[in-house]
Structure formats: structure tokens, C-alpha cells
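Participant: Sending over a structure as C-alpha cells; questions will come in a sec.
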Amino acid sequence: MQCINDTLVPTGFAMACMLVLGLLSGCDSHHNPDQSSASSSTQPSSPITPPPLSVMAQIGQKLFFDPSLSASGKLSCASCHSPEHAFGPANGLTAQFGGESLDRQGARAVPNLTYSRETPNFTIGIDDDSGTEQRVPPSPVHGNIQAVLGAVPAPNPLKLAKTPTTQAKSANSAPNLSAMIPQGGFFWDGRANTLQGQALGPLLNPLEMANPSPQALIKKIKKLSYVKALAELAGPSAMTNDNLLLSEALFAISRYQTESPSFAAYTSKYDFYLQGKTQLSAAEKHGLDLFNAPDKGNCAACHLDKPSAEGRPPLFTDYQYEALGVPRNMTIKANQNTHYYDLGICGPTRQDDYAKQPTNCGLFKTPSLRNVAMRQTFFHNGIYHNLTDVLHFYVNRDIHPELVYPKLANGHIDKFNDLPQKYQQNIDFTDAPFNRKIGDTAVLNDSEIQDVVAFLKTLNDGYQLPH
């Protein structure tokens, strides 16, 4: 046995890895944050040197940056998930364009991939976001494409849907043991349970990388200059077993996302603040206080900002699902069809038994706020393009709806215009600041909003401690 990245592996496998390293060394290089991970001899010395990527992760790295896997031959995973932008979009488009000719607009804003590897499986569970949750990322699906394609398991009939709650949620509230809440899963609707399933989605989506079938994608994989390196690791049958080859390619991408420190750096100013290595400015500290205060921002009720019970840094999400009632974004082409609605868990993308439960309709996953200030589009439909407007939505939704929603021809405010009337009961009217009404005072004034924005900027990775 030999040890690779602290994992005991059979000697034969280790020898195969050495052969694969030789094969990889001849591949074309791509610009990415882990370009030199396997050889740090030319890198500046640092207190902590991350371990080199495993051979499988190096292959996944190449797959992630390879545009030849798309129908257009021009779109890679990194095209929409830019390393320089927290693995999110590099532009301010509401939704990105893909398809065979790169002329088809997506229907949702592209999320960041940083910290996504921490995402737990999709479940319907107890409403407990107290910050003491056990963080259990999903186990990788290795060598089983059927498990990837059917990533979310069949639900328990008694646990299909959200159980409505009237108990307000705050960072200081006790868990509501009676409420059953959707939690976890990848994408805005939680339809995938693994990083492999998440990787496969865009590869087959006609609005994204647009491969018409898994078979078409497999043909592209077989033409890669480094496919032999992948096959060496996958086993002798990989080149004749299409499902195995595809599964291993997706597994490689997941290993890249799991092993590369660039996906979860924990190098924000707030991280160093929690470690006692720096101080927040007066505005940033005030913003943090407002972020936590149940009678002010109450942001930490969903975007947990305290270390976990195990002492791990906060991820700024409880992975739960909410219907917030953001306004319809008419710059999304699909929304020009008055009969079309993006209902989150209820589809149109997700089509399992969970999607058939009315109380799940309009619910979208709470994203992490880490690196949020690097983004240029916000919410699932990309309706807002800066954090100030996002906070104005939270503040004004219920006290000044005329500032948030359009007017109808009769002069009435078209409130909650992106969710059919029959599902509007799913919208959060309980948690502050959504427990207010017309005539109430705003929970945050403009100065306070700017302080919260200042705090949110401390969540960007890459902060340099003063010398």
C-alpha cells in the first residue's frame, strides 16, 4: 500500500497514478487558480501550503475549464463560474446565455460555487437553523451514473412538503420542532444531491452547455486529449463502458471542487475577525449588529453567522427554502410568457414528487452570503444588481410595496407578481422584516443599509491581513 493525499491506496493504483501524472503533464494548460497546485516549488512560501490536488481532481480541473464539452464548443463550466468571481458569473447579466449557438438565455441567475461542497442532501426536516447543525455534505457517487441521474431519493410520503409555521424565526429563537422545512440539495430548487449531479445538469441543459443526451456528452469525453488519463484511473473497462466513463468524469469534477482550496478558502476579513486577527471598522461592526438584531435586519435568522457546534466557520446559510415574493424579472425571456412561472421546488425544472406538493411552490434555497459582494445579480431571477437594492426589497416589501412592484392598468400594485395567487400563502409573512404592514416604520434606514452592505463586503475571500 502507498499513501496519496493521506489516503491508503493499493500499490498498483499508486503506480497507475504515476502514469496518469505523466499523461496529464502533456495536456494543454488552462488559466485557473490551481494551475500550479501539483508543484509548489516555484510558489512563494506561505505559512500554510495546501496539499496538491489528487490525480483525479487534476483531471476534474481540466474538465471544468474545457469548452469542448459543450455543444457550442465555446462554453465551459468556468465560463459561467469564473474563479476570479467566486466561481460565479463575471458579468451582470440577469441570466447567462448558452445553447448550441450561445443565443439561448437561461431562466435563472447562475449561483456561485464557492462553499457549495458543504451542501447537505435535500431533505424535509425539522426547522432547526440554530447554528448547531451537524454539517454533513453528501457522499460522492462513484462509478454509478444511475445514482447521479436519480440524485434525489424517493421521498417518504409523510415528508413531501413544507409544513407551514407561524413561529417567527430569528438568530436567537429556539428550533421549531413542529415545522417541517425543505433543506439542502444543489441548484436553486435542490434537485441534485451530489456535486456530480450538479455538474451533469448544465452539461445536458439545452439553455447551457446543451448536450442533447448523455451519449452525445460521452462521445465528447472520449475525444479529449486527456481521456486516457481518466481511463487509467477508472479501470480497464472505462473506454467500453460509457456509463462508467461518464460517471468517472463527473466524479473527477466533484473531486476538483472538493479538494481545491479555491472553492472554500475561508480567507475573508470576517474569518480573520472571528480568529481575533483583525478588527472590523465601525461601519462594518454596526452592520454586523444590524445583521444579527431580530428587530432590525434579522438576516442571521437564515444566513447563520456563528461558528458551528464543531467550531467550523459559518457558511451564512441554513440551506432552507423560502418564498420571499421577489418581483417578476421581465428581462428573462421565459417570463414574457404570462402563463410561465418559476416555482422553485415545484418546477418547471424539478419534476419529482416534491414538486407536486402545493406548499413547496415558490420556495427557493437560501444561498450562502460568502462572497456575495462579488456578485452582480441577486435572487433566483436576478432581479436586483446591487446589495443596496436587495436590502431595500427586504425593508420595503410590506411597508412600501409601491417601491418594489409594478402598477397594473387600474392603478393597483401588482404585489407578488411572480407567484400565482394560489401559492402566495407560501410567502414568508412571519419572519422579520416581513412581519410588517403599510404604515410601519422601516426596520433599516439608508445609513443602516449602507453599514449592512459594508459588513457583507467583509465576507469576500482574499482579504490580506495588514503587515
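Participant: Run residue 360 past the list (1) in contact (Cβ under 8 Å) with a residue 12 or more places away in the chain; (2) out of contact with any Lys or Arg (no Cβ under 8 Å at 6 or more places or on another chain); (3) within 26 Å of residue 435 (Cα to Cα); (4) of a type outside the set (Asp, Glu) and report the number of the one that doesn't hold.
Facilitator: (2)
Participant: Pick from 442, 409: which is touching a helix residue (DSSP H, G or I) at 6+ places or on another chain (Cβ under 8 Å) and either of a type outside the set (Val, Ile, Thr) or not in a loop (DSSP other than H, G, I, E, B) (or both)?
Facilitator: 442
Participant: Looking only at region 68-118, count how many residues are assigned to a loop (DSSP other than H, G, I, E, B), on the phi < 0 side of the Ramachandran plot and not small (Gly, Ala, Ser).
Facilitator: Residues that pass the stated criteria total 16.
Participant: Mind listing just one residue for me: the one in region 337-379 that is polar (S, T, N, Q), outside any helix (DSSP H, G or I) and more than 12 Å from the chain's Cα centre (by Cα) and, of those, surrounded by the most Cβ atoms within 10 Å (Cβ to Cβ)?
Facilitator: It comes out as 377.
Participant: Being under 24 Å from the mean Cα position of the chain (by Cα), small (Gly, Ala, Ser) and more than 30 Å from residue 387 (Cβ to Cβ) narrows it down to one residue among 252, 229; which is it?
Facilitator: 252
Participant: What's the total number of residues in region 187-241 that are in a helix (DSSP H, G or I), of a type in the set (D, E, K, R) and farther than 30 Å from residue 107 by Cα?
Facilitator: 3
Participant: Also, I was wondering about something else. Do we find a residue being over 30 Å from residue 337 (Cα atoms) and surrounded by 15 or more Cβ atoms within 10 Å (Cβ to Cβ) anywhere in region 417-431?
Facilitator: Yes; the residues of region 417-431 include at least one that is over 30 Å from residue 337 (Cα atoms) and surrounded by 15 or more Cβ atoms within 10 Å (Cβ to Cβ).
Participant: Only one of (1) in contact with a Leu (Cβ under 9 Å, 6 or more places away or on another chain); (2) in contact (Cβ under 8 Å) with a residue 60 or more places away in the chain; (3) not small (Gly, Ala, Ser) fails for residue 218. Which number is that?
Facilitator: In the conditions (1) in contact with a Leu (Cβ under 9 Å, 6 or more places away or on another chain); (2) in contact (Cβ under 8 Å) with a residue 60 or more places away in the chain; (3) not small (Gly, Ala, Ser), residue 218 misses (2) alone.
Participant: Something else about it: From the set of residues in region 279-301 that are among the polar types (S, T, N, Q) and crowded, with 16+ Cβ neighbours inside 10 Å, which is farthest from residue 394 (Cα to Cα)?
Facilitator: Once the filter is applied, the top-ranked residue is 292.
Conditions (1) more than 16 Å from residue 452 (Cβ to Cβ); (2) touching a Ser or Thr at 6+ places or on another chain (Cβ under 6 Å), marked per residue:
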position: 361; (1), (2): yes, no
position: 378; (1), (2): no, no
position: 382; (1), (2): yes, yes
position: 387; (1), (2): no, no
position: 392; (1), (2): no, no
position: 401; (1), (2): yes, no
position: 409; (1), (2): yes, no
position: 414; (1), (2): yes, no
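Bear in mind these aren't lab numbers, they're just calculated from the coordinates by the rules spelled out. What you are looking at is a predicted structure, and each value in this text was computed from that prediction instead of being measured. Cβ coordinates were reconstructed from backbone atoms using ideal geometry, including for glycine residues, and neighbour counts include every protein chain displayed.
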